[in-house]
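Okay, so here's the structure we're looking at.
The values are calculated or read from the model by the stated rules, or taken from the named source; none is laboratory data. Since we're looking at a predicted model, the values are computed, not measured. Here the Cβ is made from the backbone with ideal geometry for all residues, glycine too, and neighbour counts use every protein chain on show.
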Amino acid sequence: MRFEYTNKVRCTKEEAWQFIIDLERRPDWIHFMEKCYWTDKKPGMIGSRYQEKEVFLGIPLNINYEITAWKDHEQMSSKCMMPPFYPVVDVIVKEEENGCLCSLVVNAKMGPFVLVPEKFLRKQVDALVQPLVDKFIEILENETELNLEYF
């Protein structure tokens with residue numbers, strides 16, 4: 001199942017990219033994350049790994065990811081190593097007039113949730129993801145030079 005969130009952000013593409021790849025700052029905008037850090041950083045980034053320490057539904061989790069695609073200042077794709085879902089998470093940044101477009105795309109195998117109606121699953125995922133998307137935009141726009149031009 002594919003979940004996509006695309007938003008215009010009043011910042012430069014470079015500012016958005018730097019915020020996205022700063023793993024240590026992810027808990028600032030991902031409400032269920034306690035810590036995020038590189039566990040194995042490789043030249044060119046493909047094959048690099050990182051770990052997220054999260055508390056999800058009251059359950060502490062250590063979730064490992066591996067970078068599968070990297071286009072500097074454009075795209076970072078990671079495969080989550082969490083069975084049975086193994087979601088692939090794409091973060092894409094595109095230049096836009098007066099800002100940039102930031103997209104978060106999650107493609108997940110639904111495993112045991114395959115029998116749950118898609119409309120219900122989408123509603124649950126939206127309720128989880130939309131607050132982090134909103135916080136991402138809020139922090140980034142408050143910290144960027146481009147946003148100052150609007151005031």
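Data table
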item: All positions within segment 31-70 that are modelled with pLDDT of 95 or more, in a strand (DSSP E or B) and either out of contact with any strand residue (DSSP E or B) (no Cβ under 9 Å at 6 or more places or on another chain) or of a type in the set (Phe, Trp, Tyr) (or both); result: Tyr37, Trp38, Tyr50, Tyr65, Trp70
item: Residue ID - surrounded by the most Cβ atoms within 10 Å (Cβ to Cβ), chosen from residues in segment 93-118 that are without any contact (Cβ under 8 Å) to a residue 40 or more places away in the chain and of a type outside the set (D, E, K, R); result: Phe113
item: Residue check for Phe136: assigned to a helix (DSSP H, G or I) and in contact with a strand residue (DSSP E or B) (Cβ under 9 Å, 6 or more places away or on another chain); result: yes
item: Segment 6-30: number of residues that are of a type in the set (Ser, Thr, Tyr) and at pLDDT below 95; result: 1
item: Selection count where residues are among the hydroxyl-bearing types (Ser, Thr, Tyr) and closer than 18 Å to Asp134 by Cα, scope segment 10-56; result: 1
